[in-house]
Amino acid sequence: MDYLPDVTESLLTQSHISSILIKALYNETSILIDKMLLLQFSTSHYCRKARLALGYKKIPYQVENLTPGLHIFKLKPLTGLTTVPVLLPQKTGQPQAIADSTNIFNYLDTYQPDPPLTLSNPTQQTQASLLEDWLDESIGTATRFVYYHYRAGEGKAIDPSLSSQLVINVVRRQYGITPASVALAEKRLENAMTVLSGWNNQPYLVGDRLSIADIAAAALLSPLALIPHYRQTYPWLFEKIVTIHKICQEPLPPG
Ligand SMILES: N[C@@H](CCC(=O)N[C@@H](CS)C(=O)NCC(=O)O)C(=O)O
């Protein structure tokens with residue numbers, strides 16, 4: 001009789017361990033199979049844009065941070081392009097890879113319509129699309145120029161390390177960031193602040209709820225928060241950026 005409890009205990013222990021192992025294996029597998037994967041550069045404001053949309057829709061995802069330079073070898077065969085963000089849905093019946101943050105917005109709205117990123121009023125949606133495209137193609141690029149120029153000059157103290165300055169200089173060379181191109185970008189940003197200034201007095205850029213325009217603006221202008229001139233001149237912009245990050249459950253960028 002003394003012997004039996006030991007056997008039972010040992011059997012129970014073994015079955016307990018097996019069940020823990022099975023659960024762990026199941027969870028591990030389901031994470032790998034179920035979660036979407038976002039290929040990104042951790043500091044890219046275009047990748048932030050995709051993360052805000054995923055967060056807004058509360059879609060579980062994982063990120064893979066690619067190494068700039070080597071990213072081409074992973075991305076080119078997948079999408080034919082070299083830019084991040086790229087979303088891999090990793091689900092049966094879904095596309096293998098979606099490149100470009102605007103395409104990612106569209107895909108996410110088809111995959112999980114609620115809450116929608118698109119506005120139901122067609123005129124407002126056209127306006128939101130135009131703003132999103134302009135923010136993407138013109139303003140996001142201007143932000144990049146002004147931000148990296150600042151980080152290499154007045155803002156060097158933010159991270160003067162050799163590795164950080166090396167990355168900043170590679171980016172400056174890659175995109176042709178020179179004093180002349182930065183001056184043009186600064187003008188474009190001043191113009192953008194005028195276009196977006198109505199945001200100061202209304203919760204959303206277009207319509208009566210969050211749209212692709214708000215998310216694009218919050219992500220693509222967020223690097224300017226580190227630059228005192230923008231922070232001091234446009235405090236309303238950074239209040240909006242903070243609010244949208246909260247709604248989308250995305251941590252704010254440093255600064
Ligand atoms: N319009 C694209 C722009 C993306 C973009 O410019 N990504 C940059 C990082 S911020 C990139 O991947 N650059 C690397 C390259 O061009 O090879 C989008 O919205 O996804």
In whole Hz, the Karplus estimates of ³J(HN,Hα) for segment 175-191 (6.51, -1.76, 1.60; θ = phi - 60°; x where Gly or Pro) are 9, x, 7, 10, x, 5, 6, 5, 4, 5, 5, 4, 5, 4, 5, 4, 4
The answer for Val86, listing residues at least 5 apart or on another chain whose modeled amide H is closer than 5 Å to its amide H, is Leu39
Restricted to the chain, the DSSP antiparallel beta bridge percent, nearest 5, is 50 percent
With only helices counted (DSSP H, runs n ≥ 4, each -39500 (n - 2.57)), the per-residue ellipticity at 222 nm for the chain, to the nearest 500, works out to -19000 deg cm²/dmol
Pseudo-spin-label distance Gln249 to Gln232, built 7 Å along Cα→Cβ, given in nm, is 3.8 nm
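Taking R0 as 35 Å, what's the FRET efficiency between Leu162 and Gln62 from their Cβ-Cβ distance, rounded to 0.05?
On the way: r = 31 Å, r/R0 = 0.87.
Using R0 = 35 Å, I get an efficiency of 0.70.
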Result: in the chain the number of Lys pairs with C-alpha under 14 Å apart, spaced 8 or more or on different chains, is 7
Classified through the alpha carbon gyration tensor (a ≥ b ≥ c as square roots of its eigenvalues; rounded if a/c is under 1.5, else prolate when a/b is larger than b/c, else oblate), segment 49-90 comes out prolate
Taking 0.36 nm per residue of separation between Arg173 and Leu70 and subtracting their Cα-Cα distance, the length gained on full extension comes to 35.4 nm
If amide H atoms are modeled at 1.01 Å from N in the peptide plane, then the residues at a separation of 5 or more from Ile177, or on another chain, having amide H under 5 Å from its own are none
Residues Ser44, Ser120 in order from fewest to most other beta-carbon atoms within 10 Å are Ser120, Ser44
Relative contact order as a percentage, segment 35-111, C-alpha pairs under 8 Å and 6+ apart, gives 36 percent
Relative to the chain, whose Cα atoms define the longest principal axis, helix 45-56 and its Cα axis are tilted in degrees, nearest 10, by 50 degrees
For Val146, Val170, ascending order of other Cβ atoms within 10 Å (fewest first) is Val170, Val146
Everything considered on the Cα gyration tensor (a ≥ b ≥ c; rounded for a/c under 1.5, else prolate if a/b is larger than b/c, else oblate), segment 30-189 must be described as oblate
Using alpha-carbon positions, the gyration tensor of segment 105-189 gives root eigenvalues a ≥ b ≥ c; with a/c under 1.5 called rounded, otherwise prolate if a/b exceeds b/c, else oblate, the class is prolate
Total charge of the residues flanking Arg173 in space, meaning their Cβ is under 15 Å from its Cβ, with Lys and Arg +1 and Asp and Glu -1, is +3
For segment 228-242, in residue order, the Karplus 3J(HN,Hα) values (coefficients 6.51, -1.76, 1.60; θ = phi - 60°; whole Hz; Gly and Pro = x) are x, 4, 6, 4, 7, 7, 10, x, 4, 5, 6, 5, 5, 4, 5
Rounded to the nearest 10 degrees, the helix 140-152 long axis (Cα) sits at an angle to the longest Cα principal axis of the chain of 90 degrees
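Where a number appears in this text, it was derived from the coordinates with a stated rule and is not lab data. Keep in mind the model is a prediction, meaning the values are calculated, not measured. All Cβ positions, glycine included, derive from the backbone under ideal geometry; neighbour counts span all protein chains shown.
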